[in-house]
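Asker: Sharing a structure, written as structure tokens. Questions coming.
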There are 4 protein chains.
Amino acid sequence: MGNNSLGNILKVTSFGESHGAAVGCIIEGMPAGLTINIAAMQEAVNLRKTNQSAFASARNEEDTIEIISGVYENKTLGTPICILIKNTDAKSADYTNIATTYRPNHADYTTHAKYGIRDYRGGGRSSIRITAPLVAAGALALQLIEHIYADVNIQSYVYQIGNASMSEEEKASYFTDNQIFGNEVRCPSAKTTENILTEIATAKNNGDTLGGCIQTTITNLPVGIGEPIFAKLQSALGAAMLSINTVKGFEYGEGFTASTKNGSQHNDEFAISNNTIHTKTNNSGGIQGGISNGMPIIFRTAFKPISSITKAQQTINENGDNIAIEIKGRHDVCAVPRAIPIVNAYTAIVLADLILQNKLSKI
Amino acid sequence: MGNNSLGNILKVTSFGESHGAAVGCIIEGMPAGLTINIAAMQEAVNLRKTNQSAFASARNEEDTIEIISGVYENKTLGTPICILIKNTDAKSADYTNIATTYRPNHADYTTHAKYGIRDYRGGGRSSIRITAPLVAAGALALQLIEHIYADVNIQSYVYQIGNASMSEEEKASYFTDNQIFGNEVRCPSAKTTENILTEIATAKNNGDTLGGCIQTTITNLPVGIGEPIFAKLQSALGAAMLSINTVKGFEYGEGFTASTKNGSQHNDEFAISNNTIHTKTNNSGGIQGGISNGMPIIFRTAFKPISSITKAQQTINENGDNIAIEIKGRHDVCAVPRAIPIVNAYTAIVLADLILQNKLSKI
Amino acid sequence: MGNNSLGNILKVTSFGESHGAAVGCIIEGMPAGLTINIAAMQEAVNLRKTNQSAFASARNEEDTIEIISGVYENKTLGTPICILIKNTDAKSADYTNIATTYRPNHADYTTHAKYGIRDYRGGGRSSIRITAPLVAAGALALQLIEHIYADVNIQSYVYQIGNASMSEEEKASYFTDNQIFGNEVRCPSAKTTENILTEIATAKNNGDTLGGCIQTTITNLPVGIGEPIFAKLQSALGAAMLSINTVKGFEYGEGFTASTKNGSQHNDEFAISNNTIHTKTNNSGGIQGGISNGMPIIFRTAFKPISSITKAQQTINENGDNIAIEIKGRHDVCAVPRAIPIVNAYTAIVLADLILQNKLSKI
Amino acid sequence: MGNNSLGNILKVTSFGESHGAAVGCIIEGMPAGLTINIAAMQEAVNLRKTNQSAFASARNEEDTIEIISGVYENKTLGTPICILIKNTDAKSADYTNIATTYRPNHADYTTHAKYGIRDYRGGGRSSIRITAPLVAAGALALQLIEHIYADVNIQSYVYQIGNASMSEEEKASYFTDNQIFGNEVRCPSAKTTENILTEIATAKNNGDTLGGCIQTTITNLPVGIGEPIFAKLQSALGAAMLSINTVKGFEYGEGFTASTKNGSQHNDEFAISNNTIHTKTNNSGGIQGGISNGMPIIFRTAFKPISSITKAQQTINENGDNIAIEIKGRHDVCAVPRAIPIVNAYTAIVLADLILQNKLSKI
């Protein structure tokens, strides 16, 4: 039956295929009366666009968002907001050679087996392109969050691509948006950025691709956000991140490293200063019992390398023949930097939803 | 508003607090006519029980499951199945000393801040005890899975506790249930088990606690299970695991390591032999595009150390006083082995739900 | 897959069969911190009980409610509230003679055909007994409503049984609870009550049964309650009423009569007095566009006669044999008066849910 | 938070305002591989269009459906199907005079009070125009039903407008679609049609409007459709009908009349002939215990008169001034005939959803 929605109260429902008429989404549950900033929504979408760096896909989409419903005189009506982005540069012909081939690590085979039919053009529904309108929805969700809690900030950056990585010490630093968006790999460390660009150049030369990792920090989120038992903050964030194509792992706070620590090392002692409760350390990543504790929320998401490589690979086709394939077309060498706006958008949708839910926690 | 349910079609809804009258759950969506094996359900619950090893909590609950509804003459009726487990050894008095104290890394503070009230006895709703009936539900979900696909197998084991860990090579082996359940740490490697027991003994002596990691393998799951976009198999499994108290990370297939690989290294080439499509490697962890591809599903879950340590810690109380605390009571040194049945149960519920959903994928 | 829940944010999920261990429900979404009045919940349940009049079933259940979870020191915790009512006077033996017979107008045949199995004892899940815990949940929902809007009042009475009916003029009057609950038919008109009792006596003598109609009025509900498009106030109320066994019709405001009127007759003109907006008439029944308009909400629910008659009837059994049946056992002659607390409870649950939803309508 | 969806597994989510860019919907849960008949979808939408009779609104919309996603080479993909209908003849200027006026019986006041903002143009989200894409969705749902159960037929006709009504005997007859669609009032009785046209002419002359009633019959639906407790077939159908603007009442089988009958009169005895179980009468309207019993499903829906009358009315404006209003614009005198495709569409969506749900009832 599928599950095309992110969120429960604030619910964003995705529709569209890569090479259909359009990709889009509906936002339900947005309260009425919010003045919306469409330019900011468009700007977020633009950050996700292809063709912005030497290592990204050359597909050239304008990705102009159209708001079909739910907004009147720049204010939300409390009715569903439909966002549409037309597919204008869809070159379906690029894909006819793979119409009957199952590309390794793509969703071609599993989609075909599950549904008995698939729109092979550009990956159809499995294309990362379907996230474009969701990024717009996320930007709007962020505007709702900022209306409710003015100081909440969501920030993501690339800390690793391939084997080039920032150190743990570096990751503990504070960065400005300018530091992150000042380069095309979205990495705030100049040294690591240099290493990453070298990795990417090598991979590109080899007809190969790269994955990487993103760290996200949410600051100034008040205590109380997250809904036990099955919509704990980490569970809702993790589910959202793991629904992004190419994501292979998620951890928050100390993450996997926590499993090697003693309780006395990992535990965050509480303290109070200036009448504000805080923890002395933040190994918890800002979440305890699935509920935000007022400290920064910190999580990391791991992305596998892009599956479309130009190197020759063995695979099979729909007839079950063993064949060789070299994937042409307009593909990214490394899409992790382009995932930043997606991670931020999904984070904003999850947070906005849980913030609304939390309004009903107490009488 | 909370979210107390796991699953969508097969939906398990949890209720109960650690020291209330009972903990329980309702299973909706179970098809009618399934002959149930209550003994197997009870056996799964027993594996989760406390007081089974020197390093587990001494709370001594019988944990006898009662089936209140939905079953008649040992068959499911197609109506909601209510499972109840009474709380019989709840010593609330143990907790009066922490009634107004926020224990570090526990949900005390966040729960209180969110709801304005909390049942402090045994962690109330945040207690891992609420998973006992869910383990029974998971065992029943597994019976449904086995009715539909007789050969599906879910197997989890501890591969690391503290700094004692199996090697990657060892983890790639096949193990029998006897190897896993033959020792109290649920680790199939004799050598690692020995190291783990040493780690645990040290931690116990120090009044400290330990975390660890579990690997889960699902074999013989047919191709086609998992619902794009937001109920992808990895997303549904990840959300379930991340909703377990103390879980800090989740990865599947190559996981975080995939982020360091080239596409040509990570990609799994398709091949066909004996008319069966398979991949030559399984770096994908059996999932592509959020849908099972017929290969084993492999994922790993990381648990932080238990928060209740007897070592002295600094914290605050409800009045905002900085105080010191030493947590007494009946607590585990390391609860990861006891998490095995929980991981298996949640996995079974997620799979059963997605298997039912998949029945509606095609006309 | 079934649908056992009423409500969306405040969600009440039913479980249990008539002759199983217990009937019960879970209430999710109840905000934390509400001081609950258990006595009032029990009182509502008592009003639904059998054996309270000469024409009601002689089944004698204590129907004592047990609160299993979600409440601590008499206050809601914000966690699921499980309510249990044990089945103590379940005489399953009464039903063995109908174990393989499809009673006319009962759910025996359809249940068996749908599920391939049924718990025939007392109607199993189709028994009206499953509403007992829902009545308790409704009483609690009412307490939440009263906490939010102190003056809201829900009142239902029987205005017709068989062919004895109050006039339209009488129905337009205001009645006290004492007038309604002062007699066993829950009809506030003395004259009609007399006629109803005569109808019932005749039906009882004939081994026959009777249906009837209930009118419900909700007063002091503020403007704004109801969620377009598919949870309009009338739609949510209608769905709830139509889910009660034996209900055959639902109308609100002028109802079916409105279909015979001109717009100029039916329309309610707006006016303002004492700074309060109201309508001069209330043919709308207090709802416009699916949203309450501040006037009294008025609706009527029609109940068919009880299906269990002692008169001989032709039917078939599971083998497909044409057989005759005379239904013995402890059945009502007319259950409409006993439906009053059910109607009120479902109304309260629907309202409480929509009131919570409405809290999120505006920024 | 709103509820914009009809259905649970097959879920149709509405979006759009009357005078926004477009109205539309998303269909989720449609199984993959269904060959779709777009012409039949367009034909259903055309039946709903305005300007088809002397007594209908003169708004002249092409109402051409666009399928944005979910369909490839004329087959469903198993992904969300987005249907869009552009608003091309939206004359917003017609509505500026009522921008600040609350029209009697319209949703103007309640919408404004609930959301603090409203799109007054053409009723915004409250316009019946939003049903146009839902009618297309219903036509597609019907195609799915017909794929699963080839003989299922949904038929609705007008049996009453104002005080002109078919007799009970006439309503018991069988009619062809030609008889129903052969005239512009969608009434299969020539005599009643004549009377209805007279009623309409009179109302039009008086600047007034009319309501009416529709009877719907579903034939050849197999036994087993409907999901207890809260998605009983009558409850799901009733909720859908009551969500249509202007509907004031719903009844099935004998409906309100059943409340005046004895059990021995109302009960439908079971019989078996040609190995087929049926009931001798059908007072139940084809539903017992919320589940279809194989007999025709019969229900009736009552519509109030259109609220927009040209006669002068008293009302208030946003400032709270008592004012007089005469509603101009392009409005229907009687919209009940145009409701036929809406009733049929909602019925098809409800049925298709419950048919899919029923596939999971048994192991």
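The values are calculated or read from the model by the stated rules, or taken from the named source; none is laboratory data. As the structure is a prediction and not an experimental result, all values here were calculated from the model. No Cβ is skipped: glycine too gets one built from the backbone with ideal geometry, and neighbour counts run over all protein chains shown.
Asker: Here is a list of conditions, (1) more than 8 Å from every other protein chain (Cβ to nearest Cβ); (2) farther than 27 Å from residue C:336 by Cα, and residue C:43 meets all of them except one; can you say which number that is?
Answerer: Condition (2) is where residue C:43 drops out.
Asker: Follow-up. For the list (1) in contact with a Cys (Cβ under 7 Å, 6 or more places away or on another chain); (2) within 14 Å of chain C (Cβ to nearest Cβ), I need the number of the one condition that residue D:101 fails.
Answerer: Tallying (1) in contact with a Cys (Cβ under 7 Å, 6 or more places away or on another chain); (2) within 14 Å of chain C (Cβ to nearest Cβ), residue D:101 fails exactly one: (1).
Asker: Consider residue D:301 carefully, then state whether it is touching a Gly at 6+ places or on another chain (Cβ under 9 Å) and polar (S, T, N, Q).
Answerer: In short, yes.
Asker: Among the residues of region B:233-247, is any in contact with a strand residue (DSSP E or B) (Cβ under 8 Å, 6 or more places away or on another chain), in a loop (DSSP other than H, G, I, E, B) and closer than 30 Å to residue A:320 by Cβ?
Answerer: no
Asker: Scan region B:239-254 for residues that are under 18 Å from residue B:218 (Cβ atoms), within 7 Å of chain A (Cβ to nearest Cβ) and in contact (Cβ under 8 Å) with a residue 24 or more places away in the chain and jot them down.
Answerer: B:250, B:251, B:252, B:253, B:254
Asker: Now a separate question. Considering only residues of region D:312-335 that are at the interface with another protein chain (Cβ under 8 Å from one of its Cβ atoms) and under 25 Å from residue D:19 (Cβ atoms), which is farthest from the chain's Cα centre (by Cα)?
Answerer: For region D:312-335, the residue satisfying everything is D:316.
Asker: Also: Counting just the residues of region A:10-27 that are buried (at least 24 other Cβ atoms within 10 Å of the Cβ) and in a loop (DSSP other than H, G, I, E, B), which one comes out farthest from the other protein chains (Cβ to nearest Cβ)?
Answerer: Restricting to residues being buried (at least 24 other Cβ atoms within 10 Å of the Cβ) and in a loop (DSSP other than H, G, I, E, B), the top hit is A:10.
Asker: From the set of residues in region B:172-197 that are part of a loop (DSSP other than H, G, I, E, B) and of a type in the set (D, E, K, R), which is modelled with the highest pLDDT?
Answerer: It comes out as B:186.
Asker: Please tell me if residue C:225 is assigned to a loop (DSSP other than H, G, I, E, B), facing chain D (nearest Cβ under 7 Å) and either surrounded by 20 or more Cβ atoms within 10 Å (Cβ to Cβ) or under 20 Å from the mean Cα position of the chain (by Cα) (or both).
Answerer: The answer is no for residue C:225.
Asker: Just checking, does region C:28-40 include any residue being closer than 30 Å to residue D:357 by Cα, at pLDDT 95 or above and not small (Gly, Ala, Ser)?
Answerer: yes
For every residue, the table says whether it meets (1) of a type outside the set (A, V, I, L, M, F, W, C); (2) more than 14 Å from chain D (Cβ to nearest Cβ); (3) under 29 Å from residue B:73 (Cβ atoms).
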| position | (1), (2), (3) |
| --- | --- |
| C:4 | yes, no, yes |
| C:37 | yes, yes, no |
| C:54 | no, yes, no |
| C:61 | yes, yes, yes |
| C:83 | no, yes, yes |
| C:95 | yes, yes, yes |
| C:116 | yes, no, yes |
| C:119 | yes, no, yes |
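Asker: Could you check how many residues of region B:283-305 are touching a strand residue (DSSP E or B) at 6+ places or on another chain (Cβ under 6 Å), within 7 Å of another protein chain (Cβ to nearest Cβ) and part of a loop (DSSP other than H, G, I, E, B)?
Answerer: 2
Asker: Here is a further query. Since residue B:144 meets every condition but one in (1) touching a Phe, Trp or Tyr at 6+ places or on another chain (Cβ under 8 Å); (2) within 14 Å of chain C (Cβ to nearest Cβ), which condition does it not meet?
Answerer: It is condition (1) that residue B:144 fails.
Asker: Of everything in region A:228-251, what is under 15 Å from residue A:289 (Cα atoms) and surrounded by fewer than 24 Cβ atoms within 10 Å (Cβ to Cβ)? Give them in sequence order.
Answerer: A:230
Asker: Now for a separate question. Of everything in region D:1-23, what is within 13 Å of residue D:351 (Cα to Cα) and small (Gly, Ala, Ser)? Give them in sequence order.
Answerer: D:7 - this is the single residue of region D:1-23 that is within 13 Å of residue D:351 (Cα to Cα) and small (Gly, Ala, Ser).
Asker: While we're here: Suppose we filter C:257, C:276 for residues that are of a type in the set (Val, Ile, Thr), over 15 Å from residue C:346 (Cα atoms) and modelled with pLDDT of 95 or more; which single one remains?
Answerer: Of the residues listed, the single one that is of a type in the set (Val, Ile, Thr), over 15 Å from residue C:346 (Cα atoms) and modelled with pLDDT of 95 or more is C:257.
Asker: Now for a different question. Looking only at region A:343-350, decide whether some residue is more than 7 Å from chain B (Cβ to nearest Cβ), polar (S, T, N, Q), assigned to a helix (DSSP H, G or I) and out of contact with any strand residue (DSSP E or B) (no Cβ under 7 Å at 6 or more places or on another chain).
Answerer: No, region A:343-350 contains no residue that is more than 7 Å from chain B (Cβ to nearest Cβ), polar (S, T, N, Q), assigned to a helix (DSSP H, G or I) and out of contact with any strand residue (DSSP E or B) (no Cβ under 7 Å at 6 or more places or on another chain).
Asker: Specify which of the listed residues (B:340, B:327, B:316, B:323) is in a loop (DSSP other than H, G, I, E, B) and either crowded, with 17+ Cβ neighbours inside 10 Å or at pLDDT below 95 (or both).
Answerer: Answer to the selection: B:327.
Asker: Scan region A:310-363 for residues that are farther than 27 Å from residue A:28 by Cβ and among the small types (Gly, Ala, Ser) and jot them down.
Answerer: A:312, A:320, A:324, A:329, A:335
Asker: Count, please, the residues in region B:93-123 that happen to be of a type in the set (A, V, I, L, M, F, W, C) and within 23 Å of residue A:283 (Cα to Cα).
Answerer: Here the count works out to 3.
Asker: List the pairs whose first member sits in region B:200-212 and is surrounded by 15 or more Cβ atoms within 10 Å (Cβ to Cβ), whose second member is aromatic (Phe, Trp, Tyr), and whose Cβ atoms are under 7 Å apart, counting only residues at least 6 apart or on separate chains?
Answerer: B:200/B:55; B:204/B:55; B:211/B:303; B:212/B:303
Asker: For residue B:261, indicate whether it is without any contact (Cβ under 8 Å) to a residue 24 or more places away in the chain, under 30 Å from residue A:203 (Cβ atoms) and facing another protein chain (nearest Cβ under 7 Å).
Answerer: So residue B:261 fits the description; yes.
Asker: On to the next question. If you check residue B:110 against the conditions, is it in a loop (DSSP other than H, G, I, E, B), within 7 Å of another protein chain (Cβ to nearest Cβ), without any contact (Cβ under 8 Å) to a residue 60 or more places away in the chain and crowded, with 19+ Cβ neighbours inside 10 Å?
Answerer: Against the criterion (in a loop (DSSP other than H, G, I, E, B), within 7 Å of another protein chain (Cβ to nearest Cβ), without any contact (Cβ under 8 Å) to a residue 60 or more places away in the chain and crowded, with 19+ Cβ neighbours inside 10 Å), residue B:110 does not qualify.
Asker: Now a separate question. State yes or no: is residue D:259 out of contact with any Phe, Trp or Tyr (no Cβ under 8 Å at 6 or more places or on another chain), closer than 30 Å to residue C:311 by Cα and in a helix (DSSP H, G or I)?
Answerer: No: the conditions fail for residue D:259.
Asker: Check whether at least one residue in region A:356-363 is more than 30 Å from residue A:217 (Cβ to Cβ) and either more than 9 Å from chain B (Cβ to nearest Cβ) or free of Cβ contacts under 8 Å to residues at least 40 places away in the same chain (or both), and report yes or no.
Answerer: Taking every residue of region A:356-363 in turn, at least one turns out to be more than 30 Å from residue A:217 (Cβ to Cβ) and either more than 9 Å from chain B (Cβ to nearest Cβ) or free of Cβ contacts under 8 Å to residues at least 40 places away in the same chain (or both).
Asker: In region C:54-69, is there at least one residue being surrounded by 18 or more Cβ atoms within 10 Å (Cβ to Cβ), modelled with pLDDT of 95 or more, in contact with a strand residue (DSSP E or B) (Cβ under 6 Å, 6 or more places away or on another chain) and closer than 30 Å to residue D:360 by Cβ?
Answerer: Taking every residue of region C:54-69 in turn, at least one turns out to be surrounded by 18 or more Cβ atoms within 10 Å (Cβ to Cβ), modelled with pLDDT of 95 or more, in contact with a strand residue (DSSP E or B) (Cβ under 6 Å, 6 or more places away or on another chain) and closer than 30 Å to residue D:360 by Cβ.
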